[in-house]
Amino acid sequence: MVINKNPFVTSGYISPEFFCDREEESERLIQEISGNNLALISTRRMGKTGLIQHCFQQDEIVHDYYTFFVDIYATKSLRDFVFSLSKVIFESLKPKGKKAIEKFWYYMKSLHAGVSFDISGNPSLTFGLGDIQEANATLEEIFEYLEKADKPCIVAFDEFQQVAGYAEKNVEAILRTYIQHCNNARFIFAGSQRHTMGNIFQSPARPFYQSVSMMHLDSIPLGKYTAFAEYHFGRGNRVILPEVVTFIYNQFEGITWYMQKMLHVLYNMTPVKGVCSMGMVDEALKSVIESYRYTYSEILFRLPEKQKELLIAITKEGKATEITSGSFVKKYKLHSPSSVQAALKGLLEKDFVTREQDVYQVYDRFLAIWLKENY
């Protein structure tokens, strides 16, 4: 059993014991990737990463597959993508033993200069982004390995919508070609921008059109989260009142990371044999906001003035629609519809604002609370 002082995990995946629900989603994901590639879409911080890692730890996956989880959120080009993928495969195979890593390295001829072996023959990764001289050539080698690996492989790309903004304009076509000819691997494409992900996989003009099963991840039901919270508070010899969980759930629309963060803080605040009541929620929220206060001040200081004004306007609106309309511009004393359009583009690119079916809101819910309190 994994021992964890605070059972409400806010970073990474520990074990099924600390993972809330997602039983139906886990079953479906595992069923889908046994025969299909899958696009997994939800708003950010809903728990896509945790769900994938949870499924990767299930017996029917962990024993029969090699699994690779590649976060490409920070990538800007095919070269970045290839570097991230090759590094993840190498690091994931190291615990599998010398034979597994040698099998991979046999195919990676373009990167041989980037690996050294110690006196025991254990490999050490030394290559960097600069070692990717020909991204297409290295990508071909990776897919050759995936096809010839001694176990079937599952490759999950997190924040896959990033490929749509790469400097190269043919990345989707390149990846689609390799993937459709790779019979020994299945792929999960996880993304948080519904509009972009929808275009990638549902537009007839795009290479990935109708090439995957689609799965949308929604909030965990309130009843499940209440039972999860009560169970773990109980195991810690504490009590949490159901109305506390309900309030947090409604405040943050059941988004997993915010639920975990608030429950994490409340658990720490609740003494052993104590009761977590509604009177503690405001204190917990203030504590979280205060911990981010300097970061939020820096964010606002560095934003261009028109982006700052629009961010505050969207915060005040809550869920904003038609933000380039004359009425919205007038209501919040913005400059003009064209300046709002330009500012919006910047906020979306920086992920300060999310767009869901033409509804805009501030991505970081804690930032939104801080803005409302201060502006």
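The values are calculated or read from the model by the stated rules, or taken from the named source; none is laboratory data. Given the structure is predicted, the values throughout are model-derived calculations rather than measurements. Glycine gets a Cβ as well: all are built from the backbone with ideal geometry, and neighbour counts include every protein chain shown.
Within region 210-264, being without any contact (Cβ under 8 Å) to a residue 12 or more places away in the chain and either of a type in the set (Phe, Trp, Tyr) or crowded, with 20+ Cβ neighbours inside 10 Å (or both) holds for one residue alone: Tyr231. Taking (1) modelled with pLDDT of 95 or more; (2) in contact with a strand residue (DSSP E or B) (Cβ under 6 Å, 6 or more places away or on another chain) in turn, Ser26 satisfies each apart from (2).
Inspect all residues belonging to region 52-61 and state whether any of them is in a loop (DSSP other than H, G, I, E, B) and surrounded by fewer than 20 Cβ atoms within 10 Å (Cβ to Cβ). Yes - at least one qualifying residue is present in region 52-61. In the condition set (1) farther than 21 Å from Ala368 by Cβ; (2) of a type in the set (S, T, N, Q); (3) part of a helix (DSSP H, G or I), Gln260 is compliant with all but (1). Starting from region 149-175, take each residue that is within 25 Å of Gly50 (Cα to Cα) and touching a residue at least 60 places away in the same chain (Cβ under 8 Å) and list its partners that are of a type in the set (Asp, Glu) and part of a helix (DSSP H, G or I), counting only C-beta distances under 7 angstrom and pairs at least six apart or across chains. Pairs that qualify, where the first residue is within 25 Å of Gly50 (Cα to Cα) and touching a residue at least 60 places away in the same chain (Cβ under 8 Å) and the partner is of a type in the set (Asp, Glu) and part of a helix (DSSP H, G or I), are Val163/Glu172.
In region 69-89, the qualifying residues are those that are of a type in the set (Phe, Trp, Tyr) and crowded, with 21+ Cβ neighbours inside 10 Å, and the one that is modelled with the highest pLDDT is Phe81. Only one entry of Glu305, Glu322 meets the criterion of being among the charged types (D, E, K, R), under 27 Å from Gly198 (Cβ atoms) and more than 25 Å from the chain's Cα centre (by Cα), and that entry is Glu322. The criterion of at least 2 residues that are among the β-branched types (Val, Ile, Thr) is met, among strands (runs of 3 or more DSSP E) falling completely within region 147-251, by 153-158.
In summary, Tyr267 fulfils each of the numbered conditions (1) crowded, with 20+ Cβ neighbours inside 10 Å; (2) of a type in the set (Phe, Trp, Tyr); (3) under 17 Å from Asp21 (Cβ atoms) with the single exception of condition (3). Only a single criterion out of (1) out of contact with any Leu (no Cβ under 9 Å at 6 or more places or on another chain); (2) in contact (Cβ under 8 Å) with a residue 60 or more places away in the chain is not satisfied by Gln58, namely (2). Within region 266-289, the set of residues being touching a residue at least 60 places away in the same chain (Cβ under 8 Å) and in contact with a Cys (Cβ under 9 Å, 6 or more places away or on another chain) comprises just one member, Tyr267.
Residue check, Glu283 against (1) under 25 Å from the mean Cα position of the chain (by Cα); (2) closer than 20 Å to Ile369 by Cα, all met but one. Which one? So the condition that Glu283 fails would be (1).
Residues that are assigned to a loop (DSSP other than H, G, I, E, B) and either over 17 Å from the mean Cα position of the chain (by Cα) or of a type in the set (Val, Ile, Thr) (or both) within region 352-369 comprise Gln357, Asp358, listed in sequence order.
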